[in-house]
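One structure is given below, encoded as structure tokens.
Nothing in this text is a laboratory measurement; each read-out follows from the coordinates by a stated rule. Every value quoted in this text rests on a predicted model; they were computed, and no experiment measured them. Glycine gets a Cβ as well: all are built from the backbone with ideal geometry, and neighbour counts include every protein chain shown.
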Amino acid sequence: MKQIVVSSFIIALVVALMVPGVALAQEKISSKQITLIIPYAAGGSTDLLARAVEKIWPKYAPSPCSDQQDGGGGVTGTEFVVRSKPDDTRCSWATAQGPT
């Protein structure tokens, strides 16, 4: 029992010492204009949530420009982001749904 406690303490200590290194390893946020691709129709719950996030986004990064790319149940917009040039200026708003 004592060995398990000591092992757990050592693992927790190692993880705690690694966290500041991860935070320092992050890159600076780019000053480029970010385009937020919303791959669903306007007025839906995904669109409303994405636009709410867009309003608070400027506190943390440059203000985004949203672009509606609806069609195909989200496939059209997602494909647009996947096929775009990898220059870190496009962000796709995606949702996930599990089995019901």
Report task. Would you work out the charge dipole size for segment 35-92 about its Cα centre, treating the Cβ of every Lys and Arg as +1 and the Cβ of every Asp and Glu as -1, and quote it to the nearest 20 debye? Result -> 140 debye
Report task. Just subtract the alpha-carbon distance of Thr35 and Arg83 from 0.36 nm times their residue separation and send over the number in nm, one decimal. Result -> 15.8 nm
Requested in this report: Using only Cα atoms, figure out Rg for segment 35-92 and give it as a multiple of 2.2 N^0.38 Å.
Outcome: 1.10
Report summary line: Under 18 Å by backbone N from the virtual spin label 7 Å along Cα-to-Cβ at Ala96, the residues of segment 30-61 are 39, 46, 50
Report task. Any chance you could run the full-extension gain for Gln68 through Ile56? It's 0.36 nm times the residue separation minus the Cα-Cα distance, nm to one decimal. Result -> 2.5 nm
